[in-house]
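What follows draws every value from the coordinates through simple rules; no lab data is involved. Because the structure is predicted, anything quoted here is derived from the model rather than measured. No Cβ is skipped: glycine too gets one built from the backbone with ideal geometry, and neighbour counts run over all protein chains shown.
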C-alpha cells in the first residue's frame with residue numbers, strides 16, 4: 001500500500017513533530033529530575049517530581065505513541081519499508097525498546113510523585129530518584145541518536161532491502 | 001541488454017539452473033556488505049547494555065523496588 005504524496009507529507013510532518021516533541025519533553029524531564037535530586041529546596045524537589053509525573057503522562061507518553069505510529073505508517077506506506085534500510089532498522093532498535101522502557105518507568109514516576117505529594121523525599125527514596133535521572137539521561141541519548149540517524153539517513157540496504165530492490169529493477173527491465 | 005530482450009528471445013526453460021549465476025542484467029549479484037556505521041552502532045549498543053548490566057549488578061543503577 002503506497003500513500004499519496006499529500007498523506008505522505010502529512011505523516012512525515014506528524015512524525016517529525018511528535019519525535020522532536022518527545023525529545024524536548026524528555027530533556028525537560030531530565031532537567032526536572034536533576035532539580036529534584038540536587039536541589040536543597042525541599043519544596044522545589046517535591047514540585048519537580050509532581051510536574052515530572054504530569055509531563056510523563058500527558059506529554060511524553062502521547063508523543064511517544066504518536067512518534068511510533070506515524071513512523072510505522074510512514075515506512076509501510078512508502079517504498080522505504082520497515083526492514084529495507086539499515087537506518088530505519090536502527091531507529092526501530094532504538095525506539096521500540098525506548099517505548100517499552102518508558103511504559104515500565106511510568107509507574108515509578110507516579111510512585112515518586114505520590115511520595116513527593118505526601119512528604120519531603122528522604123534518603124530512602126534516593127534509589128528511585130537516581131533511577132529517574134538515569135532513565136531520563138538514557139532516553140535523551142537514545143532519542144538524540146535516533147534524530148541524528150533520521151536526519152543523516154546513512155546509506156546501506158539490508159539483505160532484504162537489496163533483494164526487494166533487485167526484484168523491482170528486474171520487473172522494470 | 002538482457003537475455004530477456006526481444007532480440008534474444010525468451011530464456012530457455014530447459015537451461016541448467018545455476019543458483020550462483022548472475023541475474024543476467026549486469027547488476028550486482030551479491031548483497032552489499034554491511035556498512036561500517038552499522039557495525040559501530042551494534043558494538044556501541046552491546047557496550048551500553050553490558051555497562052548497564054554491570055551498573056545494575058553493582059547496585060548503582062537500581063531497578064524498581
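Once the Cα atoms are used to define both axes, helix A:61-76 deviates from the longest principal axis of chain A by about 10 degrees. If r is the Cβ-Cβ distance from residue A:104 to residue A:42 and R0 is 30 Å, what FRET efficiency results, to the nearest 0.05? Efficiency at R0 = 30 Å is approximately 0.60. Compute the long axis of helix A:159-172 from its Cα atoms, compare it with the longest principal axis of the Cα atoms of chain A, and write down the angle in degrees, 0 to 90, nearest 10. Around 30 degrees separate the two axes. Just to confirm my numbers, what's the Cα centroid distance between segment A:48-69 and segment A:1-19 in Å? Measuring centre to centre over Cα atoms gives 22 Å. Work out the FRET efficiency for residue A:72 and residue B:30 from their Cβ-Cβ distance, taking R0 = 30 Å, and round it to the nearest 0.05. Once the sixth-power term is evaluated, E becomes 0.50.
Per-residue mean of foreign Cβ neighbours for A:159-166 is 3 (Cβ atoms of other chains, 10 Å radius). Counting only helical runs of four or more DSSP H residues, what would the 222 nm mean residue ellipticity of chain A come to if each run contributes -39,500 (n - 2.57) and the total is spread over all its residues? It lands at -28000 deg cm²/dmol. Ordering of A:91-97, A:20-26, A:38-44 by packing is A:20-26, A:91-97, A:38-44, highest average first (other Cβ atoms within 10 Å, averaged per residue). On the basis of the beta-carbon distance and an R0 of 45 Å, residue A:9 and residue A:130 show a calculated FRET efficiency of 0.60. Classification of segment A:128-173 by its C-alpha gyration tensor yields a prolate form. The axis ratio a/c (a ≥ b ≥ c) is 1.5 or more, and a/b outweighs b/c. Contact order, relative form, for segment A:5-172: 34 percent (alpha carbon pairs under 8 Å, 6 or more residues apart, mean separation divided by residue count). In degrees, nearest 10, range 0 to 90: what is the angle between the Cα axis of helix A:126-152 and the longest Cα principal axis of chain A? Once rounded, one gets 20 degrees. The Cα-based radius of gyration of segment A:5-172, divided by its Kirkwood radius, gives an Rg/Rh of 1.11. Extension gain for residue A:151-residue A:20 works out to 46.0 nm (0.36 nm per residue, less the C-alpha to C-alpha distance).
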